[in-house]
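So the structure is just underneath, and the comments pick up after that.
The values are calculated or read from the model by the stated rules, or taken from the named source; none is laboratory data. What you are looking at is a predicted structure, and each value in this text was computed from that prediction instead of being measured. Here the Cβ positions follow ideal geometry from the backbone for every residue, glycine too, while neighbour counts run over all protein chains shown. Calculation scope for accessible area: heavy atoms of the full protein, side chains included, ligands and nucleic acids excluded. Shrake-Rupley method; radii C 1.70, N 1.55, O 1.52, S 1.80 Å.
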Amino acid sequence: MADKYLLLDRDGVINHDSDAYIKSPDEWLPIQGSLEAITRLYQAGYKIVVVTNQSGVGRKFYTEADLTAIHTKMCQLVKAAGGEIEHIYYCPHLPDLGCHCRKPKAGMLQQFVADTGADIADIYFIGDSLRDLQAGISAGAKPILVKTGNGVKTLSDNPDLDCPIFENLYDASEFILSK
């Protein structure tokens, strides 16, 4: 049987986002229910993969070492809750550099497919912004919008979105686990 994967954006989906960027482990705070959602999905056999734009590195708001420390905290909290994050893909580039990896482009998702051989057509990608949904659609994944983070604004700016929409990651996990 093929591995089951779930792709997640980070800021605004797993943790509270900030217009000032998440620059340190102390600033990384999980959204209520997100760690439990990841744990439930992991325990149901899903491999959890995070796909996140992190232009704060390119903007020099924080370093790659700071980002590693933030991700270490996230993974430790998930593990303490009984879950696991399989892998983290991130784009450190500035938006105007035109890289292929920054969402809404599909580069990180394509790299995930190249690394795993997974059939992305069977994989949900959960995000809180239009660029997450666009990257998922472009790569051939099944997008889901959550209303946490930028999700409410994304929905109000794009009322005709054609994807499942949930209040938060926990509610989205309930939907996925009911399949």
With respect to residue 96, is the statement that it is at pLDDT 95 or above and not hydrophobic (A, V, I, L, M, F, W, C) true?
-> no
Can you name every residue in the range 152-179 that is open to solvent by less than 40 Å² (accessible area, probe 1.4 Å), assigned to a helix (DSSP H, G or I) and closer than 27 Å to residue 45 by Cα?
-> 169, 172, 173, 176
Number of positions in the range 58-89 that are within 20 Å of residue 108 (Cα to Cα), in contact with a Ser or Thr (Cβ under 8 Å, 6 or more places away or on another chain) and open to solvent by less than 20 Å² (accessible area, probe 1.4 Å) = 1
Filter result (assigned to a helix (DSSP H, G or I) and touching a His at 6+ places or on another chain (Cβ under 7 Å)) within the range 10-64 = 55, 58
Yes/no for residue 147 being within 17 Å of residue 10 (Cβ to Cβ) and surrounded by 17 or more Cβ atoms within 10 Å (Cβ to Cβ) | yes
Within the range 90-118, residues buried (at least 17 other Cβ atoms within 10 Å of the Cβ) and outside any helix (DSSP H, G or I) come out as 90, 91, 92, 93, 101, 102, 103, 105, 106, 118
Expected single match for modelled with pLDDT of 95 or more and on the phi > 0 side of the Ramachandran plot among 21, 62 is 21
Taking into account only those residues within the range 34-45 that are buried (at least 16 other Cβ atoms within 10 Å of the Cβ) and not acidic (Asp, Glu), which is nearest to residue 179 (Cα to Cα)?
-> 41
Hey, among the residues in the range 119-142 that are in contact (Cβ under 8 Å) with a residue 40 or more places away in the chain and part of a strand (DSSP E or B), which one's farthest from residue 52 (Cα to Cα)?
-> 124
Does residue 22 satisfy the criteria of being within 18 Å of residue 144 (Cα to Cα), buried (at least 17 other Cβ atoms within 10 Å of the Cβ) and not aromatic (Phe, Trp, Tyr)?
-> no
